[in-house]
Structures are given as structure tokens and as C-alpha cells.
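**Student:** Can you read through this structure? Questions will come right after.
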Amino acid sequence: MKSTSIEDLPQVLTAQNIADYLTLARNTVYELFKLPPDRGGIPNFNVGKSRRVVKSDFTSWIQSQRQQQDKVAQRRIEYIETGVRSIS
């Protein structure tokens, strides 16, 4: 798989561009295309039989995934801290 920086990506991305950037299999990217964006899917659109993603939508999706992971981690920390306090 190729190593790619976000700056090197075109303004309209293919599944292969995204797969290369995220170091995922292209089929995994297609699975993410099938999910609605509010369920973690990558926003995309049809060009004939192909799927494409606007680069700014992709970078926004990456940021939202990071924020979601941060929220999950924070909830886990709060859960652990609450459990520790109740034991003490």
C-alpha cells in the first residue's frame, strides 16, 4: 500500500485514495460508504457506478471519528473512576 499525505490527495477521492491514506483494504472503505454518516459512514456520492468523496467531507469525517473516540475514552475513564471511588 502506498503512503499518502492528506495534502497529496485530490479534491475528489476514490475508494482507493481513501484506502491508501487509511491503510485499509478497499473493500473496507466500500463498507464504510454503505453506512449512513450518522452511524460512522464516510459521506460519499455516485459518479456513474463509482463512489466518490469530497476531500473536505473526508477530513471532517476523520475529525468526527477522532472526537467520537475521545468521547468513548472519556466515558471509560469516568466509569473506572466512579468504580474506584465506590470501592474506596
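The values are calculated or read from the model by the stated rules, or taken from the named source; none is laboratory data. From a predicted model like this one, the values you see are computed outputs, not experimental measurements. Please note: Cβ atoms are built from the backbone with ideal geometry, for glycine as well, and neighbour counts cover all protein chains shown. Ligands, DNA and RNA are stripped out before the accessible areas are found, and what is left, the full protein with its side chains, is counted by its heavy atoms. Shrake-Rupley method; radii C 1.70, N 1.55, O 1.52, S 1.80 Å.
**Student:** For segment 1-51, enumerate the residues that are within 15 Å of the chain's Cα centre (by Cα) and not in a helix (DSSP H, G or I).
**Tutor:** Listed by number, the residues that qualify are Leu13, Thr14, Thr23, Leu24, Ala25, Leu35, Pro36, Gly40, Gly41, Ile42, Pro43, Asn44.
**Student:** Among the residues that make up segment 57-76, is at least one of them charged (D, E, K, R), open to solvent by less than 80 Å² (accessible area, probe 1.4 Å) and within 26 Å of Pro10 (Cβ to Cβ)?
**Tutor:** yes
For (1) over 25 Å from Val72 (Cα atoms); (2) without any contact (Cβ under 8 Å) to a residue 24 or more places away in the chain; (3) of a type in the set (A, V, I, L, M, F, W, C), each residue gets a yes or a no:
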residue: Asp8; (1), (2), (3): yes, yes, no
residue: Val12; (1), (2), (3): yes, no, yes
residue: Thr23; (1), (2), (3): no, yes, no
residue: Phe33; (1), (2), (3): no, yes, yes
residue: Asn44; (1), (2), (3): yes, yes, no
residue: Val54; (1), (2), (3): yes, no, yes
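**Student:** Which of the numbered conditions does Asn17 fail, given that it passes all the others? Conditions: (1) of a type in the set (S, T, N, Q); (2) at pLDDT 95 or above; (3) open to solvent by 70 Å² or more (accessible area, probe 1.4 Å).
**Tutor:** The failed condition is (3).
**Student:** What is the number of the single condition among (1) at pLDDT 95 or above; (2) surrounded by 11 or more Cβ atoms within 10 Å (Cβ to Cβ) that Ser50 does not meet?
**Tutor:** With (1) at pLDDT 95 or above; (2) surrounded by 11 or more Cβ atoms within 10 Å (Cβ to Cβ) applied to Ser50, the lone miss is (2).
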